[in-house]
Amino acid sequence: MRAFVLAIDGPAGAGKSTTARGVAKGLGLLHVDSGSMYRAAAWLALRKGVGLDEERPLVDLLSRARIEPSPEGMLVNGERVEDVIRTAEAGEAASRVAVHPEVRRRLVALQRSFARAPGVVMEGRDIGTVVFPNADLKIFITASNEARAERRFHELRERGECPDRSGIVEAIRERDRRDTERAASPLARAPDALVLNTTGLIPEEQVELATRWAELARRGAGRATPVYWLGKSFVRVFARIFLDFHVEGLDRIPRKGPLIVACNHISFWDPPLVGATIPRLMHFVAKAELFENRLFGALIRSYNSIPIHRGSRARAGLRGAEDVLSSGGAVLIFPEGTRNKSHTLLAPRAGVARVSAATRSPVLPACITGSNQIRRSVLRQVPIRITFGSPMMPPRSLEVGREEARRYASEVMEAIAALRADQERRYGSDRRR
């Protein structure tokens with residue numbers, strides 16, 4: 001049985017530990033706090049009188065130590081040290097120890113050894129980028145400095161300490177600077193990590209959302225039909241050989257779990273081209289009118305197309321997409337609702353927001369250009385470019401109101417517009433598209 005790996009990263013005080021522990025408990029997985037390992041290493045160094053800024057003595061110390069997680073917390077040579085490594089001083093010491101490349105290499109190797117069946121939930125600052133770059137699912141947890149400081153303040157109060165709020169904010173800023181600027185494995189969001197902003201969320205909400213993503217990622221997306229497999233293979237070969245075809249941002253696509261890919265729409269070539277480019281099983285939202293012809297309708301159904309109605313039946317028509325997402329699948333949606341060859345993007349429909357909210361699915365913006373000039377692309381006169389953006393967190397509410405839905409859909413379209421603007425900035429604008 002292959003181990004499932006969930007990588008959770010983020011700055012101090014954002015809610016990583018609360019979320020990681022909750023997900024691990026809910027799914028019956030091992031929880032490993034990589035930060036505790038650095039805290040434990042720093043604690044051991046202080047206990048043995050080894051300087052925190054001396055790399056070689058620290059490495060020698062670690063080579064003789066046994067650091068391992070347990071249900072009761074981190075153990076060092078069999079001794080439970082969870083209580084003594086949770087002070088603010090221990091956190092600062094851990095940050096100093098973590099800047100040493102050889103120390104990090106030794107602890108990273110140890111962390112990777114914990115990926116055993118049925119799986120592990122590991123939290124830290126470089127889990128998705130360094131420790132497990134091929135993790136099944138990556139989540140980057142963030143929050144405002146004020147929210148993080150407030151949580152840290154109450155945490156220290158509960159331990160009987162007398163913290164200073166302003167001092168905590170300053171310490172957070174300094175630690176962020178040190179963690180992001182260090183040469184070895186700096187704090188950074190993995191390109192394909194899902195964002196979980198915990199500002200304004202209670203612990204139960206953030207745990208519930210992360211658990212849902214992880215649970216669906218463990219299920220897998222099912223198997224492709226022969227028609228889908230053949231069609232996708234044909235389109236990929238056709239695009240690679242016959243078209244002036246370029247794709248960017250594939251590393252931003254989450255490997256598993258529910259995902260809505262939201263793209264602008266300029267040609268009937270868009271669904272097959274975008275879908276064939278994405279390295280995972282895709283489903284497509286298509287106009288119900290396309291299914292009226294029985295033969296063609298059966299064909300596109302076998303190609304994972306989902307009929308969508310307009311007007312008063314539109315909400316009911318989205319249930320097919322919701323079913324796919326609720327099973328851990330991925331759906332391609334065109335928020336504009338129709339093909340639009342003009343250079344100006346149309347106002348988005350609210351469906352993308354409603355589906356994202358109802359299924360708690362992240363949205364990945366995508367932009368395609370040049371697909372309405374297939375013949376000229378074959379002649380190498382017009383390039384076809386597809387660019388994928390970064391995953392966006394779904395709306396906070398399960399049931400979004402009209403204004404919230406419009407606002408979220410507009411944010412999605414703004415992200416798509418930003419991708420197109422970036423294309424134009426780097427490659428120039430071709431109004432003939």
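The values are calculated or read from the model by the stated rules, or taken from the named source; none is laboratory data. Remember, predicted model here, so these are calculated numbers, not experimental data. Cβ placement follows ideal geometry from the backbone for every residue including glycine, while neighbour counts extend to all protein chains displayed.
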For this session: Starting from residues that are in contact with a helix residue (DSSP H, G or I) (Cβ under 6 Å, 6 or more places away or on another chain) and surrounded by fewer than 16 Cβ atoms within 10 Å (Cβ to Cβ), keep the ones in the range 211-235 and report whichever is nearest to VAL324 (Cα to Cα).
Result: THR225
Exercise. What are the residue pairs meeting all of these: first residue in the range 327-339, first residue touching a residue at least 60 places away in the same chain (Cβ under 8 Å), second residue in a loop (DSSP other than H, G, I, E, B) and polar (S, T, N, Q), Cβ atoms under 7 Å, and 6 or more apart or on different chains?
Worked result: GLU336/ASN264; ARG339/SER267
For this session: Among residues belonging to the range 77-89 that are surrounded by fewer than 20 Cβ atoms within 10 Å (Cβ to Cβ) and either hydrophobic (A, V, I, L, M, F, W, C) or at positive phi (or both), point out the one that is modelled with the lowest pLDDT.
Result: ALA88
Problem set entry | Subset of the range 24-39 that is within 13 Å of ARG104 (Cα to Cα) and in contact with a strand residue (DSSP E or B) (Cβ under 7 Å, 6 or more places away or on another chain) - its residue that is surrounded by the fewest Cβ atoms within 10 Å (Cβ to Cβ) | GLY35
For this session: Please report, ordered by residue number, the helices (runs of 4 or more DSSP H) entirely within the range 125-224 with at least 3 residues that are over 22 Å from THR18 (Cα atoms).
Result: 165-181
Exercise. Quick check: anything in the range 412-429 assigned by TED's automatic domain parsing to the domain that holds ALA262, more than 20 Å from the chain's Cα centre (by Cα) and within 26 Å of HIS309 (Cβ to Cβ)?
Worked result: no
Exercise. Just checking, which of ARG349, ARG385, ARG396, ARG426 is touching a residue at least 12 places away in the same chain (Cβ under 8 Å), of a type in the set (D, E, K, R) and either closer than 23 Å to GLY249 by Cβ or touching a helix residue (DSSP H, G or I) at 6+ places or on another chain (Cβ under 6 Å) (or both)?
Worked result: ARG385
For this session: Quickly run through the range 398-424 and pick out the residues that are part of a helix (DSSP H, G or I) and charged (D, E, K, R).
Result: ARG402, GLU403, GLU404, ARG406, ARG407, GLU411, GLU414, ARG420, ASP422, GLU424
Exercise. How many residues does the range 131-174 contain that are buried (at least 21 other Cβ atoms within 10 Å of the Cβ) and touching a Gly at 6+ places or on another chain (Cβ under 9 Å)?
Worked result: 11
Exercise. PHE245 is checked against (1) among the aromatic types (Phe, Trp, Tyr); (2) within 29 Å of the chain's Cα centre (by Cα); (3) under 19 Å from PHE334 (Cα atoms) and fails just one. What number does that condition carry?
Worked result: (3)
Exercise. Name the pairs whose Cβ atoms lie under 9 Å apart, with the first residue in the range 271-296 and without any contact (Cβ under 8 Å) to a residue 60 or more places away in the chain and closer than 20 Å to ILE374 by Cβ, the second small (Gly, Ala, Ser) and surrounded by fewer than 16 Cβ atoms within 10 Å (Cβ to Cβ), and 6 or more positions between them or separate chains?
Worked result: ALA276/SER233
Exercise. Can you spot a residue in the range 104-117 that is of a type in the set (Gly, Ala, Ser), buried (at least 22 other Cβ atoms within 10 Å of the Cβ) and touching a residue at least 24 places away in the same chain (Cβ under 8 Å)?
Worked result: no
Problem set entry | Top-ranked residue of the range 87-114 - restricted to ones that are among the aliphatic types (A, V, I, L, M) and in contact with a Lys or Arg (Cβ under 6 Å, 6 or more places away or on another chain), ranked as farthest from ASP179 (Cα to Cα) | ALA90
Problem set entry | Answer residue from the range 111-124, given it is out of contact with any helix residue (DSSP H, G or I) (no Cβ under 7 Å at 6 or more places or on another chain) and not in a loop (DSSP other than H, G, I, E, B) and is farthest from SER17 (Cα to Cα) among those | GLY119
Exercise. In the range 198-229, how many are among the hydrophobic types (A, V, I, L, M, F, W, C) and modelled with pLDDT of 95 or more?
Worked result: 7
Seminar exercise, completed: Selection over the range 89-130 where residues are within 23 Å of ASP164 (Cα to Cα) and touching a Gly at 6+ places or on another chain (Cβ under 9 Å) yields a count of 2
For this session: Find the residue count for the range 248-260, including only residues that are in contact with a Phe, Trp or Tyr (Cβ under 8 Å, 6 or more places away or on another chain) and not acidic (Asp, Glu).
Result: 6
Exercise. Only one of these conditions is not met by ASN264: (1) surrounded by fewer than 18 Cβ atoms within 10 Å (Cβ to Cβ); (2) in contact (Cβ under 8 Å) with a residue 24 or more places away in the chain. Which number is it?
Worked result: (1)
Exercise. Counting residues that are under 30 Å from ALA214 (Cβ atoms) and of a type in the set (D, E, K, R), which helices (runs of 4 or more DSSP H) fully inside the range 1-103 reach at least 2?
Worked result: 16-27
Exercise. If you go through the range 351-378 one residue at a time, how many are hydrophobic (A, V, I, L, M, F, W, C), buried (at least 22 other Cβ atoms within 10 Å of the Cβ) and farther than 11 Å from PRO394 by Cβ?
Worked result: 4
